[in-house]
Structures are given as structure tokens and as C-alpha cells.
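Take a look at the structure below.
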Amino acid sequence: MNKESIEKQLRAWFSQMTKKYTWLIIKFEFNEGRGVFMVSFSPLNNIELSDDFNRDAMQFADELNITYGDEAPLFTDEESLFSLSSNAETISACSFVSVGSLIYYSTSIPVQPQRVAGSWASPSVHTTAPVGKNFRQTNPEASYAVAA
């Protein structure tokens, strides 16, 4: 079984393709029942408009078919030929690159209700709402160093 070798080739190719085609989203997983990797590309509208991507994908699939035969991965667009499980890994280009530490904070911000005419809600009630896990406080000194 060439599972590790195939996965290594897939991941290297996925990395190249998501850098070259920043719109590309790739979902993949190893299907135990079929004994092969299953790969799905999206979004379909971008795929249909990109002859370069289609050439790259077909060439890669052909190379894997020649090398691995029946163990070669199966490819589809937007899971049209097969469905992937909820455990499938999704790979895409990074749309945001952060400079500095990747320390995430959970914090709350004060929220004041808006007074609505004829509302029974009291305008003096204050509460807090969680901002979310992706909120990251930045160190002002680090920001200045990056700018300099």
C-alpha cells in the first residue's frame, strides 16, 4: 500500500495549487472502504473558468494514475461523483497573514441596548457579549516594529 507516499504527493501538490490558484478549496480524505484517497475541488464556477487549473489537475491525476494504478486518488468537483465525510480535511489559500504571536484571547465587550419607542425594555440595563475566539489583542510596540 502506497498510502503515505500518495498523501505526501497530494499535500505537496495541494500546497502548490492553493498558492497558484488562491480561490481554490480542496477537500480530501482517505476512504477505507475503497482503499483510496478521495479529492474534491471547489468552487465550481472558478474551476469552469480556469483552463490552466483544469490542465494542471488533469496532468496531476494522469501522473498518479500511471504511478499508482488502482491505488490512485479519485478526483471530482464539488463532490459531484462522490461525497466526503465530515472528517474530510479542507485546504485553501490563507487569505489573512498575521505578523506577531498567534495568541488568541476570549474577551467580552459591553453592549448597551438601543431604546425603541414604545419598548418595555429598560434603557439602563447593561450586559456583555463574547467577541469570539478569533479576537487577538496586539502589542502596540510590535505593530510599530513591523511598520518600521
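The values are calculated or read from the model by the stated rules, or taken from the named source; none is laboratory data. Remember, predicted model here, so these are calculated numbers, not experimental data. Cβ sites come from the backbone with ideal geometry, for glycine too, and all protein chains shown count toward neighbours. Note: accessible area is taken over every heavy atom of the protein model, side chains too, but ligands, DNA and RNA are not part of it. Shrake-Rupley method; radii C 1.70, N 1.55, O 1.52, S 1.80 Å.
Laid out as a table, the results:
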| item | result |
| --- | --- |
| Every residue from the range 48-79 that is among the aromatic types (Phe, Trp, Tyr) and within 16 Å of GLU29 (Cα to Cα) | PHE75 |
| Odd one out for ARG34, checked against (1) farther than 19 Å from ASN65 by Cα; (2) open to solvent by 60 Å² or more (accessible area, probe 1.4 Å) | (1) |
| Residue within the range 4-15 that is open to solvent by 30 Å² or more (accessible area, probe 1.4 Å), out of contact with any Cys (no Cβ under 6 Å at 6 or more places or on another chain) and part of a loop (DSSP other than H, G, I, E, B) present | no |
| The range 68-110, subset on the phi > 0 side of the Ramachandran plot and modelled with pLDDT of 50 or more, residue most open to solvent (accessible area, probe 1.4 Å) | GLU78 |
| Any pair with Cβ under 8 angstrom, 6 or more apart, that starts in the range 40-66 at a residue that is part of a helix (DSSP H, G or I) and ends at one that is of a type in the set (Val, Ile, Thr) | PHE53/ILE47; ASN54/ILE47; LEU64/ILE6 |
| Members of the range 69-84 found to be among the hydrophobic types (A, V, I, L, M, F, W, C) and in contact (Cβ under 8 Å) with a residue 24 or more places away in the chain, listed by number | ALA72, LEU74, PHE75, PHE82, LEU84 |
